[in-house]
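**Student:** Following this message is one structure expressed as C-alpha cells.
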Amino acid sequence: MMDKADVQKMQDGFAGLADILIFCVDEDGKNLTGVSGDASDAKKMMQLIGKQQLIRMYDRICASSMEDQIVEDTEYSNVKIAAVAVRAESKPILCWLACCVLDIENLDKTGKCAAGFSKVTTEEKFYQALDLMRMWMSGVVEAARGRQEAEAQSRRSRYSETEMGQALKRTETMTYIVQLLVGNEPFEELASKTLGASQDYLHVETAQLIRLSVDGAYADAIAGSAENGVIAGKEAVPRPPVVQNDKNLIVSSGTVVSPHLREYMTEKGLAAFLSIPILIRGGVAMYLFFGEMSRDRVWKMEEVKFATDVAKILQSMLERRIARNSMASSYKSLTEILNMVGSCVYIRDIETDEVLFTNELLKFNFEQELKQGTLNALLDEARPLGVREGFYELQHMARKRWYDMHYKYIDWVDGRKVAFCALYDITDKKLYQRKIEQQAYTDFLTGLYNRMCCERDLAMQIEHAKLEKRPGGLLYLDLDDFKHINDGLGHQYGDVLLKSISSSLQRIEGIRNSCYRMGGDEFVIIVPPESFERFDEITEEIKAIFAKPWFLKDADYYCTMSMGICHFPENGEDVQDLIKKADIAMYEAKKTGKNRVAKYSDNISSTSGKRLDMEKNMRNATSDGYKEFEVYYQPIIDIQKPDTPCTGAEALVRWNSVAFGFIPPSDFIPLAEYLGLINPIGNHVLREACKACKYWNDNGHPEYKVNVNLSVVQLLQTDIVDIVKRTLEETGVNPRNLTLEVTESLAINDMERMKEILNSIRALGARIALDDFGTGYSSLNHIREIPLDVIKVDQSFVSELAEDSYSQSFIKMVAELAGAIGVSICIEGIETWEQYKVLEGMQVRLVQGYYFDRPMPRERFEEKYLVSDAE
C-alpha cells in the first residue's frame, strides 16, 4: 500500500489537474492527508459549507455497500461536494472528500452563487477527476492485496511442501531403524546402520555410539564416524566432557557452556552437538553422539526428539542382545519402543492373519475396527492386491481421516513372517490440500464454481444418472445485452449484477450446490437426478429471477437471459458434447428473440452446430494471420473513354475456409460482426488493398484506384481515422487513389457523427463513396450533407434497367444530380449488353458488373489488367 507521502503527492496532482479541493481520511475517519488545492480557497470553502456536511457525506458512503462515489449539491448553485471510497472486502479503507467551485459562465445563474475563489472548474472536469482517482487508487489497493495474497499463498505452499517432505523422510528413516530391531546381525553392525540412517536424516557431519568402560573413566567408539568423531580410532580415551552425565546434553552454536567444555569443543573443532545417554539396567552404558564440526547449527525440537527416539531404539537393540534368550524381555522392549515412535503400528501373521502386535496409538485410533475385526479389510483396500511393500494412502471414509501407510513384510521376534504396517495421520495436510483445490474450482468474483469444476461434476452426475437409471438436466444461461449494463453503468455495476444473479440462483432448492459461472455473462446449472422431479419448477424459478428489475446505481434495470436445455443421458453422455448441445439450444433461444428458453433437439443441432463450428474456424483463421481471408478485385470500367479501360477495382473479401471451403459474404460477414472480428478482418482487407494499389500505381498505372468497403462496426471505431492514416503511411499509396465506401443507410442513421468522421478521412486525402444509393428513405434530403466524392447506385435499379423506364429515369436523374454537386457516379451490377447500352448519353462514366468482369484474385487481376496493358 502507498504511504502518506505518496497519497498526498497523488492527491495534489488530481487537485491541480482539476482545480478542486480534496483531502483523504482513513477507515476510522481520521485525516490521512492535508487539503490539496489553494489554501485560501480551502479556508473559505470550510466557512461556506461547514464541517457537518462533509461528515454526513463520509457517514453515508461508509454505510453504503453499493456506492463508491457520491456527489451532492450545496446551497450554492456553483459549489459541489463529493466523497470517493476505496474498498477492500466491501469495507471502505480510504475515503476522499472533495469540493469544487464551478465556473459561473457555464451555469444557469439563477440561485445563490459563491464568489471570490481563485480556482474554478467545470462539472465535467470535477467528475473526471473523481473517476480517475477512484479507479487509480482501487487498482493500487487491489494490486497490493493481490501481491500480499500471492506471497502468503506461496509461503503456505512452500511450507506445506517442505513439511510434508520432512515428515516423509522421518517416516522412512524411523521405519528403517525400527526394522533393524528384529535383525540378527551383530549389535555393532546394526548400530552402524542406525547411525548411518540417522546421520543422513539429520544432515550432521559426525555421528558416533560411545561406550563407557566399567568404571566410567574411559570411553571408546563402537560405531559411527571414525575419522572426524570426538573419539578417533577404536582405542579407549579418557572420558570426554561431552559424555559426562545421565541427561541429554544439547549444545547449539552460541550456547553458553562451561570454560572447560568450551576449551574441549575448540580443541576438537566442535561447533554444536547432541549427546543422548543410553541406559542399561538403570545406569549409563553408552552415549549417542551427533556433532557439527565446520558449520553452525541450532538444534530444532523435532531433531532432538528424533535423536532421543533413536537412542531408545539402540537401547532396545542392546537390551535384546543382553536378553537374547528371553523372548518375553525382547517383546516387552519392542513394545515400549513401538509405543513411542509416533505412528500407529500393526503387525499380523501373513499365513494365519493372526494379529501379533498393535501399539497403544493404533489401539486408541482404531478401537472400533479392532473390536469389529474390520481393520484387515480396511488396510487391504489401500494396498494393491499381491503387493508386498510400499507407501500408500488410506482414506477412512466413516471417520473422515487420511493416513500415509507403509506396508512391508519382515521377520518377527519368533522368526515368523509377518506384515508390518505403520500408519501416519495426514488429515490436516489433506484438508489443506483440499482447500487449495477448492480455490482452483471457484470463480473469484461470484463465489460460484467455475468451468473446470462444472466439467468434473457433470461427469460424476452423468455416471450417477446411468447407475440410478434416472435423468438429469443441464441448463446453459447467457445474459441478454449484458454489454449495455457494463458500458452504460460501468464494470463495477456489471460485477454487482453478476454477484446478485449468482446469489439468486443459489437460493433455488435442488441446485444450490450445482451452479457454475462459465466466464463472462454465461452460467451453467446442473439439475442432478435426485432433483429432476422439480425440473420444471426450477426453470420457472430461474425465469422469475430475470422477470424482476435489478437495483443498480440508484435505479431499476432489467436484464433478461436466454437459456438452453438438454437432458442426460438422453441427449448424450460426453461432458463436452452435452455442454455444446446446451449452448446450441441457448443460441437458438437468442436467435428467436432473446429472453426465451429453448430445448435441444436434433432439428436445431445441424444449423446451430454448423454456426458454432464456423465460429471456431473463424477465430482460428483470424489468429493465423488472416491467410484464409482472400481479397478479390472487381474491375471498375470508364465507359466514356475509348476501349472502355479499367480505372481500378473494388476490393471484396472472400473467406476460403480450410474446413468449409468458400463461404458467401452474406454468411460470414454478420458472424464476424457478432464475434467482434469484423474490425481486424476489415483492417486486413484495407491494408492488402492499399498494398495492391500501390503496386499498380508503381507499375504503369498511376491512375488506378481501389475501393474498400467500411462496415457499420468498422466506421464506428473510435480510432478509424487513425487506422486509415496509419495504413496510408505504411503502404505509401497515394491517398487520392483510395476510395472508402460507406452505405447510405449508415450515413443517414447518425448524420452528425458520420459527417465528422468522413470529413476527417477526406482530410487525409482519401475519397468517400456513398454505396447502395437509392435504398435509403431520404436519400435526396441528405445527399448534400454527406461529404462524398462518388455516388454508387444500388444494383436493384439495374436488374430491370433495359426495360424499366423508372429505373432509367432514376439513374439519369442521379447522374445529373451528381454532375450538379460535383461528384462522380458509378453504376453497379451491369450484367448484360442491353443494360450497358442504356447508359449511353446519361453522363455515367464509371460502371462495374459481370458484363465486364467478375471479382477475381489479385494475381488474376494483375495478369489481365496490369501485365497485358503494359505489353
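The values are calculated or read from the model by the stated rules, or taken from the named source; none is laboratory data. Owing to the predicted nature of the structure, the values given are computational and were not obtained by experimental measurement. Backbone-built Cβ (ideal geometry, glycine too); neighbour counts: all protein chains shown. Calculation scope for accessible area: heavy atoms of the full protein, side chains included, ligands and nucleic acids excluded. Shrake-Rupley method; radii C 1.70, N 1.55, O 1.52, S 1.80 Å.
**Student:** What are the pairs, 6+ residues apart or on separate chains, where a residue within segment 265-280 that is at positive phi and free of Cβ contacts under 8 Å to residues at least 40 places away in the same chain has its Cβ under 8 Å from a residue that is hydroxyl-bearing (Ser, Thr, Tyr) and outside any strand (DSSP E or B)?
**Tutor:** Listed pairs, sorted by first residue: Gly269/Ser294.
**Student:** Take the residues of segment 219-242 that are in contact with a Leu (Cβ under 9 Å, 6 or more places away or on another chain) and part of a loop (DSSP other than H, G, I, E, B): which is surrounded by the fewest Cβ atoms within 10 Å (Cβ to Cβ)?
**Tutor:** By that ranking, first place goes to Arg239.
**Student:** Output the qualifying pairs, or none if there are none: Cβ atoms under 9 angstrom, residues six or more apart or on different chains, first residue in segment 487-509 and over 19 Å from Ser531 (Cβ atoms) and open to solvent by 40 Å² or more (accessible area, probe 1.4 Å), second residue among the small types (Gly, Ala, Ser) and part of a helix (DSSP H, G or I).
**Tutor:** Short answer, once both residue conditions are applied: Asp487/Gly494; Gln492/Ser138.
**Student:** While we're looking at this one, here's another question. Can Lys30 be described as basic (Lys, Arg), open to solvent by 20 Å² or more (accessible area, probe 1.4 Å), out of contact with any Leu (no Cβ under 8 Å at 6 or more places or on another chain) and more than 19 Å from Phe126 (Cβ to Cβ)?
**Tutor:** yes
**Student:** Mind counting the residues in segment 670-687 that are open to solvent by 30 Å² or more (accessible area, probe 1.4 Å), modelled with pLDDT under 85 and in contact with a helix residue (DSSP H, G or I) (Cβ under 7 Å, 6 or more places away or on another chain)?
**Tutor:** 1
**Student:** Which pairs turn up if I take residues in segment 841-864 that are of a type in the set (Ser, Thr, Tyr) and look for partners that are open to solvent by 70 Å² or more (accessible area, probe 1.4 Å) with beta carbon separation below 6 Å, at least 6 apart in sequence or on another chain?
**Tutor:** These pairs meet every condition: Tyr850/Glu831; Tyr851/Glu831.
**Student:** Oh, and also: Please enumerate the residues belonging to segment 294-313 that are under 20 Å from Ile231 (Cα atoms) and touching a strand residue (DSSP E or B) at 6+ places or on another chain (Cβ under 6 Å).
**Tutor:** Once the filter is applied, which keeps residues that are under 20 Å from Ile231 (Cα atoms) and touching a strand residue (DSSP E or B) at 6+ places or on another chain (Cβ under 6 Å), segment 294-313 yields Ala307, Ala311.
**Student:** Residues being open to solvent by 30 Å² or more (accessible area, probe 1.4 Å), outside any helix (DSSP H, G or I) and out of contact with any strand residue (DSSP E or B) (no Cβ under 8 Å at 6 or more places or on another chain): count how many of those fall in segment 688-716.
**Tutor:** Here the count works out to 4.
**Student:** In this structure, is Glu831 at pLDDT 85 or above and charged (D, E, K, R)?
**Tutor:** Judged against the criteria, Glu831 is a match.
**Student:** Return the residues of segment 286-304 that are within 22 Å of Val341 (Cβ to Cβ) and surrounded by fewer than 21 Cβ atoms within 10 Å (Cβ to Cβ); say none if nothing qualifies.
**Tutor:** Within segment 286-304, Trp299, Lys300, Met301, Glu302, Glu303, Val304 meet the criteria.
**Student:** Right, something else. I'd like to know if segment 311-319 contains one or more residues that are open to solvent by 30 Å² or more (accessible area, probe 1.4 Å), in a loop (DSSP other than H, G, I, E, B) and modelled with pLDDT under 85.
**Tutor:** No.
**Student:** Among the numbered conditions (1) closer than 17 Å to Ser343 by Cα; (2) surrounded by 17 or more Cβ atoms within 10 Å (Cβ to Cβ), tell me where Trp412 comes up short.
**Tutor:** With (1) closer than 17 Å to Ser343 by Cα; (2) surrounded by 17 or more Cβ atoms within 10 Å (Cβ to Cβ) applied to Trp412, the lone miss is (1).
**Student:** Which number in (1) among the aliphatic types (A, V, I, L, M); (2) open to solvent by 40 Å² or more (accessible area, probe 1.4 Å); (3) touching a helix residue (DSSP H, G or I) at 6+ places or on another chain (Cβ under 7 Å); (4) over 21 Å from Leu195 (Cβ atoms) marks the one condition that Leu279 misses?
**Tutor:** Here Leu279 clears every test but (4).
**Student:** Let me ask you something else. Let me confirm something: among Gly593, Gly572, Gly564, which residue is of a type outside the set (A, V, I, L, M), without any contact (Cβ under 8 Å) to a residue 12 or more places away in the chain and open to solvent by less than 20 Å² (accessible area, probe 1.4 Å)?
**Tutor:** Criteria check complete, one pass: Gly572.
**Student:** May I ask you to list the residues in segment 591-619 that are modelled with pLDDT of 80 or more and among the small types (Gly, Ala, Ser)?
**Tutor:** Within segment 591-619, Ala598, Ser601 qualify.
**Student:** Further question: For residues that are open to solvent by 30 Å² or more (accessible area, probe 1.4 Å) and either at pLDDT 90 or above or under 21 Å from Cys454 (Cα atoms) (or both), tally how many sit in segment 575-590.
**Tutor:** Number of matching residues: 6.
**Student:** Take segment 170-218 and flag every residue that is open to solvent by 20 Å² or more (accessible area, probe 1.4 Å), of a type in the set (Ser, Thr, Tyr) and out of contact with any strand residue (DSSP E or B) (no Cβ under 8 Å at 6 or more places or on another chain).
**Tutor:** Within segment 170-218, Tyr176, Tyr201 qualify.
**Student:** I've got another one for you. From the set of residues in segment 45-101 that are charged (D, E, K, R) and over 36 Å from the mean Cα position of the chain (by Cα), which is farthest from Val35 (Cα to Cα)?
**Tutor:** Restricting to residues being charged (D, E, K, R) and over 36 Å from the mean Cα position of the chain (by Cα), the top hit is Glu75.
**Student:** Taking Gly269 as meeting all but one of (1) surrounded by fewer than 17 Cβ atoms within 10 Å (Cβ to Cβ); (2) in contact with an Asp or Glu (Cβ under 6 Å, 6 or more places away or on another chain); (3) more than 16 Å from Leu288 (Cα to Cα), write down the number of the exception.
**Tutor:** Unmet condition: (2).
**Student:** Going residue by residue through segment 430-444, is there one that turns out to be within 18 Å of Gly165 (Cβ to Cβ) and assigned to a strand (DSSP E or B)?
**Tutor:** No.
**Student:** While we're looking at this one, here's another question. Ala544 passes all but one of (1) hydrophobic (A, V, I, L, M, F, W, C); (2) crowded, with 17+ Cβ neighbours inside 10 Å; (3) closer than 17 Å to Asp480 by Cα; which number fails?
**Tutor:** (2)
**Student:** Can you run down the residue pairs with Cβ atoms below 7 Å, 6 or more apart or on separate chains, where the first is in segment 419-447 and within 24 Å of Val178 (Cα to Cα) and among the acidic types (Asp, Glu) and the partner is open to solvent by 50 Å² or more (accessible area, probe 1.4 Å) and assigned to a helix (DSSP H, G or I)?
**Tutor:** Listed by first residue and then by second, the contacts come to nothing, as the list is empty.
**Student:** Among the residues of segment 265-311, how many are basic (Lys, Arg) and touching a Pro at 6+ places or on another chain (Cβ under 9 Å)?
**Tutor:** 1
**Student:** Select from segment 643-660 the residues that are more than 35 Å from the chain's Cα centre (by Cα) and either part of a strand (DSSP E or B) or surrounded by 13 or more Cβ atoms within 10 Å (Cβ to Cβ) (or both) and list them in ascending order.
**Tutor:** Answer for segment 643-660, where residues must be more than 35 Å from the chain's Cα centre (by Cα) and either part of a strand (DSSP E or B) or surrounded by 13 or more Cβ atoms within 10 Å (Cβ to Cβ) (or both): Thr644, Pro645, Cys646, Thr647, Gly648, Ala649, Glu650, Ala651, Leu652, Val653, Arg654.
**Student:** Kindly evaluate Ala769 against the criterion of being free of Cβ contacts under 8 Å to residues at least 24 places away in the same chain and not in a loop (DSSP other than H, G, I, E, B).
**Tutor:** So Ala769 fails the test.
Condition check ((1) under 25 Å from the mean Cα position of the chain (by Cα); (2) over 30 Å from Ile825 (Cα atoms); (3) hydrophobic (A, V, I, L, M, F, W, C)) across all residues:
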| position | (1), (2), (3) |
| --- | --- |
| Gly572 | no, yes, no |
| Ala582 | yes, yes, yes |
| Ala598 | no, yes, yes |
| Asn603 | no, yes, no |
| Met618 | yes, yes, yes |
| Tyr626 | no, yes, no |
